[in-house]
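A short reminder: the numbers here are calculations on the coordinates, not readings from a lab. Only a predicted model underlies this, so the values are computations on that prediction, with no experimental measurement involved. Cβ sites come from the backbone with ideal geometry, for glycine too, and all protein chains shown count toward neighbours.
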Amino acid sequence: MKAVVWKGKYALEYTDLPEPECRPGWVKIKVMAVGLCATDVHIIADKFDAGKPPHVLGHEICGDIVAVGDGCDKSLCGKRVVVETYVGCGTCEFCRTGRKHLCSAGEIGYPPYQGGEAQFVTVPVGCIREIPDSISYDEGAIIEAVACPFGALLNSGFQMGQTVLIQGVGVAGLSFIQAARAAGAGRIFCTARNDVRAAMARKFGAEVIDLRTDDAVAYIQRETGGRGVDLAIDAAGAPATIEQCFQAVVSGGMVMLYGIPSKEAVIPLPVTECILRQIRVCGYTGNEWGWDPLIQLVDRGVISLKEMVSVVMPLSRTSEAVALLESRDPHIVKVVLHPWDDNE
Ligand SMILES: [Zn+2]
Ligand SMILES: [Zn+2]
C-alpha cells in the first residue's frame, strides 16, 4: 500500500509499505480521507516531541472497515467510520473510570501506533465511530480536530446562557465557537487578527474582537459592564493571550488552557489573583465522550464541518500540504489528504 513515512525534520517519504494485519480486537480501515493536524506539522517541523521517526503519522482518520480481527463483529465490514484516537490499555485506573484519554497507552497516529497517512490502517474496535451518510469522508476526516475542543467544552461544566471568550480563531478556536453556540452560550466573544477568520467566526456565531484595533480585555470589560466572562479559553497558546484570559474571566469563573505554547515560552501564572478571585484553571486536550454527541450535531447541521475543510489533496502531496499549513494563509483552516487519489 502507499503511505507517507515521516523520517525526520521535514523529511516525508511517499512510499510502499506492507498492509497492516488485523490483530484480535482490532479492525482494518481503508482510509478514504485523513486530516493533516497542526500537531503533525509541529512534529514534522521538530517543534513537538511525540516519539521517534520513522513513523506513519495521521490521527484524523475517516474510511471504510474492510476487515475485522478475531473477536470483532463481522457485520462491521463495510461501515463508514471515523477513528477516536485513544487506544487505552483497558486495565489502568483511567481506563477503568472511563477516562482512557488519560491512559499512557497512547493514541493512534503517534508512535508506536501507525497512523492514517496510508491506504490502510488498523485500530482497536473500541475506537471506531460510525458516521451517517450525511457526513462526507472529508468532513469525517476533520471530526477529530473538532471533537477535542467540543469534548473539552462538554467536560468543563459550561452552562446554557454563560458567556465565553475564545482566544484564537484557528481550527480549535472555530470549533470552540461552534461548540459554545451548540451548548447555548449567552455571548461568545473571540479574538481575531484578520478579516477572513473574523468573517468565519461571525458566521459561526461569535462577536469578534479585532486585535488590530481593540484590546481583548478592555473590550470584554466594556461589553460585560466590568464583570468579565464565565469561561475564558486560550486556543492560541501565546503568553499574551493566556495572560488576558485571567484578566477577562469573572471571579469564580474558569480559564481553560487548550493552545499549546512553544517549547521555549515561559508563562507566569497569576497565583494570587487565582486564589483571591477563586479562578479555576484547567488544561484539556480531548476525551472520548464528545464524539457521539458531536456526530449527531453534525448530522443535524447544528455544527458545520464543511466550511472548515479548506483544501483536499492527494496523499502523495503531503509535503506540499505541510507547507500550506505553515504558510498561515487565513483561508486554509483544514487540509485533508486522500490516500487513493494517486491510484485512480
Ligand atoms: Zn489532530
Ligand atoms: Zn489504561
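Ratio of Rg to Rh for the range 155-283, alpha carbon only, Kirkwood?
Values: Rg = 13.4 Å, Rh = 14.4 Å.
Rg/Rh for the range 155-283 comes to 0.93.
Starting from the range 255-328, pick out the GluC sites (Glu not before Pro) whose DSSP state is loop and whose Cβ has at most 15 other Cβ atoms within 10 Å.
GLU264
Label-point separation (nm) for LYS47 and LEU276, each offset 7 Å from Cα along Cα-to-Cβ?
A separation of 3.6 nm, rounded to one decimal place.
Once label points are set 7 Å from the Cα along Cα→Cβ at both ALA218 and ASP299, what is their separation, rounded to one decimal in nm?
4.8 nm
Please find the FRET efficiency linking LYS30 to ARG227, where r is the Cβ-Cβ separation and R0 is fixed at 41 Å, and quote it to the nearest 0.05. Let's see the in-between values first.
Numbers: r = 52 Å, r/R0 = 1.27.
About 0.20, to the nearest 0.05.
For the chain, with only Lys/Arg (+1) and Asp/Glu (-1) charged at the beta-carbon, what is the dipole magnitude about the Cα centre, in debye rounded to 20? Can you show the working numbers first?
Numbers: 32 positive and 41 negative charges, 143 e Å.
Approximately 680 debye in magnitude.
For the residue pair SER316 and ALA11, what label-to-label distance in nm results when each label sits 7 Å from Cα along the Cα-to-beta-carbon direction?
Rounded to a tenth, the inter-label distance reads 2.3 nm.
Which FRET efficiency, nearest 0.05, do VAL196 and ALA240 yield, Cβ-Cβ r, R0 22 Å? Mind dumping the intermediate values first?
Numbers: r = 22 Å, r/R0 = 0.98.
Once the sixth-power term is evaluated, E becomes 0.50.
Could you bin all the Cα-Cα distances of the chain into 10 Å bins starting at 0 and give me the percent of pairs in each, rounded to whole numbers?
Whole-percent P(r) values from 0 Å outward: 6, 25, 33, 24, 10, 2, 0.
What is the local net charge at THR191, summed over the other residues whose Cβ is closer than 9 Å to its Cβ (Lys, Arg +1; Asp, Glu -1)? Show your work: numbers first, answer last.
Numbers: positive: ARG193; negative: ASP210, ASP214.
Local net charge: -1.
Work out the FRET efficiency for GLU326 and ASP210 from their Cβ-Cβ distance, taking R0 = 30 Å, and round it to the nearest 0.05.
Between GLU326 and ASP210 the formula returns 0.75.
Would you mind telling me which residue in GLY226, GLY35, GLY140 has the biggest mean-square fluctuation in a Gaussian network model of the chain, where springs connect alpha carbons within a distance under 10 angstrom?
So, out of GLY226, GLY35, GLY140, the one fluctuating most is GLY226.
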